[in-house]
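Structure first, then comments.
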Amino acid sequence: MNTSNRNQQAAKLSDLLLSWYDSERRILPWREDPTPYHVWVSEIMLQQTRVDTVIEYYQRFLRELPDVKALAEAEEERLLKLWQGLGYYSRIRNMHKGAIQVMEEYGGEIPGTPKELQKLSGIGEYVAAAISSIAFAYPIPSVDGNLLRVYARMTGYEESIRTTAARKVATAYYEEILDRTRPGDMNQALMDLGATICLPNGAPLCGKCPWQMHCEARRTGKEQQLPVKEEKKQRRKEKRTVLRIRTGDRVVIGKRPERGLLANLYELPNAEGWLTEAQAEEACRTLGYEPKAIRKLKPSKHIFSHVEWHMHAFEIEAEERPDASAAENVFFAAEKSALQEEYSIPTAFKAYMDF
DNA sequence: AATCCGGGGAT
DNA sequence: ATCCCAGGATT
């Protein structure tokens, strides 16, 4: 079981961890049939996103796009719709590119080494290690937030874990412990340990931890102090005004730019600052719609990772102006049913999508 | 090395 | 309110 060139302590740690994993591991959809494609999809969805949130998205995604070929051939609009509400939308746009790379450059076969995987769009050091270890049994640790936290506590690491240096020493640590016969299980066991035992924020459940007798933070009573957190930058606050322009049973929406926040998603017309009724009506005319009636909607707030939108909003009953030169206008009137089924509209507008 | 990029659940 | 989550791309 233990390879000869690993020291005894490393072998003991991996055995403890894998035994715990064999009885306590989480049952998750992407673990049922961990093909490279399945693992890939799950790892992209799970970036900065909780397991409970991902499960339903994962199942629907695989139902509609069962293999890398289907993904490569899909329209981006459809992908964004499947991703709607999940956040970090560039993830799926990058994965789409990656799938096309697999079809064009790898003959449709997802590569199995970290080096080749990392050439694919949207796959970085972590995901490359995760896919290669879980789907190909390639012996490499996949160091995510869980592994960094577990590392800091296990070794009593007193520096910030959000640095390149921390990732480097943590990777070396797990390289040493790694059971090279079960690399995928090692990584998933560490993620489960971090997610269910070695919890962030508040008290970890050390009494249930397979490594409790070997943990430096536990020994020194620093479970709550570690890992060391870096100060978070404050979010900037932005005032915006959202317009819900209705023409009969249609509503005006537009496609956002292909770069930046919420790239390529659809939105209600909106502007910087808090507009007056007169300014809102003028903005409406600029879009090619003549306002007939206007009323204030309830203000709302949406928090992104790095910015807050403090939104005012108006509903405007309007008529499309035949003279309006809609040629260069990205905004158009969409059917209500298409809003549900076709266009991907981010959660930021949710407060104004109920009508 | 910093900054940008979403959304939601737990505390 | 604050934290932070199975991070990667861009600058």
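Bear in mind these aren't lab numbers, they're just calculated from the coordinates by the rules spelled out. All values derive from a computational prediction rather than experimental measurement. Cβ sites come from the backbone with ideal geometry, for glycine too, and all protein chains shown count toward neighbours.
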- Determine one quarter of the surface area of the Cα convex hull of the range A:1-132, which equals its mean projected area, and express it in nm² to one decimal. 9.3 nm²
- Helix-only [θ] at 222 nm, chain A, -39500 (n - 2.57) per DSSP H run of 4+, per residue, nearest 500, equals -12500 deg cm²/dmol
- Message: Tell me the relative contact order for the range A:185-311 as a rounded percent, counting alpha carbon contacts under 8 Å between residues six or more apart.
- Response: 21 percent
- Take the Cα atoms of the range A:60-213, find their three principal axes, and give me the spread along each one in whole Å, biggest first. 51, 33, 27
- Query: Over the C-alpha atoms of the range A:236-352, what are the Rg and the largest Cα-to-Cα span, Dmax, in Å?
  - Reply: 13.7, 41
- Task: Only bridges with both residues in chain A count here: give the DSSP antiparallel percent, nearest 5.
- Result: 65 percent
- Item | Convex hull of the range A:241-284 built on C-alpha atoms - directionally averaged projected area, nm² | 3.5 nm²
- Task: Just report the Cα centroid separation between the range A:75-148 and the range A:170-237, whole Å.
- Result: 24 Å
- Eligible lysines near A:Lys115 by straight Cα distance, threshold 28 Å, same-chain separation 8 or greater: A:Lys69, A:Lys97, A:Lys168
- Item | For peptides A:35-41, A:166-172, A:261-267, sequence by mean Cβ density within 10 Å, most packed first | A:35-41, A:261-267, A:166-172
- Note on the structure: Bridge orientation stat for the range A:236-352 from DSSP, antiparallel percent rounded to 5, came to 70 percent
- For chain A, what is the Kirkwood hydrodynamic radius in Å, using each pair of distinct C-alpha atoms? 23.2 Å
